[in-house]
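The values are calculated or read from the model by the stated rules, or taken from the named source; none is laboratory data. Just so you know, these numbers come straight off a predicted model, no measurement behind them. Because the Cβ atoms are built from the backbone with ideal geometry, glycine has one as well, and the counts that use them run over all protein chains shown.
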Amino acid sequence: MTEPVLSIPPPADRPASAAGIPTSAVRRSRWLAFTAGLALVALGLLWELVLARTGGGTLAIKVVPLVLALPGLWRMKLYTYRWLSLAVWLYAAEGAVRVNSAPGREVALAGLEIVLSVLLFTACAWHVRARLAAGRLIAAVA
């Protein structure tokens, strides 16, 4: 007795993500993550080099991990979204420390850093969740 052969439905019957096309949730989370990451890089550079220079601008090096993550975010590398969702809390922690200890306008910059960090984390978590859900859907159809 032979086992039944599972056939894969034709591309028209398969979900969009099965054909290699990202779902709308994946596309939206990618754009949100990329935009928030880019904004966090811009804020870090402007803060350390122009708006509130501390340490002669050497603290601008803190944006290097974000700059390295941007190509992975753009290419939708799942690994990048995963490690960045953990690393972004370092920026949120820095913002939390500075919001309580910084003088004047730096408090607003620190608050913005916290907001962008939480937004980036949310977008990364949303992206990972949407990609994994799409993968489960493909596995169920196949």
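Select the helices (runs of 4 or more DSSP H) contained entirely in segment 1-110, then report the ones holding at least 3 residues which are buried (at least 17 other Cβ atoms within 10 Å of the Cβ), among the basic types (Lys, Arg) and at pLDDT below 90. Walk me through how you get there before you give the answer.
Numbers: elements: 24-46, 64-74, 78-101.
In segment 1-110, no matching helices (runs of 4 or more DSSP H) lie anywhere.
How many of the residues in segment 111-138 are crowded, with 17+ Cβ neighbours inside 10 Å and under 13 Å from Gly44 (Cα atoms)?
4
Identify all residues within segment 109-134 that are over 8 Å from the mean Cα position of the chain (by Cα) and either of a type in the set (D, E, K, R) or under 16 Å from Lys77 (Cβ atoms) (or both); write none if there are none.
First pass over segment 109-134, keeping only residues over 8 Å from the mean Cα position of the chain (by Cα): 109-119, 126, 128-134.
Glu113, Trp126, Val128, Arg129, Ala130, Arg131, Leu132, Ala134, listed by residue number.
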